[in-house]
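Structure first, commentary second.
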Amino acid sequence: MDMLEGIVEHIRYSTSVSGDEHGTASSQVAVFDVGHQPVEIALSESIAIKNGDDILVAGKSIRGLFRGLAYYNKTNGVKGKESTWI
């Protein structure tokens, strides 16, 4: 697990929906830059990050994209993580 820390820039949000005949699930997705590093966080809960926030993200870099599994927004004190991640 790697850590990335810095100021959020160029944030974009989307919602991903998946499912089958047994039900559906949705994820909130935020894609942004920290420095020159592109970051993606996809969680089942709301993501409280905006441009200019100072954040700490835990995750892994895969093919140049840092895929965040959890974050701590140092600006507003909000933490977020996928419920299956410990």
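The values are calculated or read from the model by the stated rules, or taken from the named source; none is laboratory data. Just so it is clear, the structure is predicted and the values come from calculations on it, not from any experiment. Cβ: placed from backbone, ideal geometry, glycine included. Neighbour counts: every protein chain shown.
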> Which condition number does T24 fail, the rest of (1) modelled with pLDDT of 95 or more; (2) part of a strand (DSSP E or B) being met?
Replying inline: (1)
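In this structure, does R67 turn out to be in contact with a Lys or Arg (Cβ under 8 Å, 6 or more places away or on another chain) and among the basic types (K, R)?
Values: in contact with a Lys or Arg (Cβ under 8 Å, 6 or more places away or on another chain): yes; among the basic types (K, R): yes.
So R67 fits the description; yes.
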> What is the residue count in the range 58-84 for residues that are under 20 Å from T15 (Cβ atoms) and either of a type in the set (V, I, T) or not in a strand (DSSP E or B) (or both)?
Replying inline: 4
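Take G35 and tell me if it is at positive phi and not hydrophobic (A, V, I, L, M, F, W, C). Outline the logic, then answer.
Values: at positive phi: yes; not hydrophobic (A, V, I, L, M, F, W, C): yes.
Spelling it out, G35 is indeed at positive phi and not hydrophobic (A, V, I, L, M, F, W, C).
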> Under the condition of being surrounded by 17 or more Cβ atoms within 10 Å (Cβ to Cβ) and more than 13 Å from I11 (Cβ to Cβ), which residue from the range 41-57 is nearest to the chain's Cα centre (by Cα)?
Replying inline: A42
> Which numbered condition trips up V78, out of (1) in contact with a strand residue (DSSP E or B) (Cβ under 7 Å, 6 or more places away or on another chain); (2) surrounded by 15 or more Cβ atoms within 10 Å (Cβ to Cβ); (3) among the hydrophobic types (A, V, I, L, M, F, W, C)?
Replying inline: (1)
> In the range 39-57, which residues are over 24 Å from V17 (Cβ atoms), charged (D, E, K, R) and part of a loop (DSSP other than H, G, I, E, B)?
Replying inline: D53
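Output the residue which, of all residues in the range 10-44 that are of a type in the set (V, I, T) and free of Cβ contacts under 8 Å to residues at least 24 places away in the same chain, is nearest to G64 (Cα to Cα).
Initial filter on the range 10-44 (of a type in the set (V, I, T)): 11, 15, 17, 24, 29, 31, 34, 39, 41.
Then drop every residue that is not free of Cβ contacts under 8 Å to residues at least 24 places away in the same chain, which leaves 15, 17, 24, 29, 31.
Values: T15: 22, V17: 25, T24: 30, V29: 18, V31: 13 Å.
Ranking the candidates gives V31 first.
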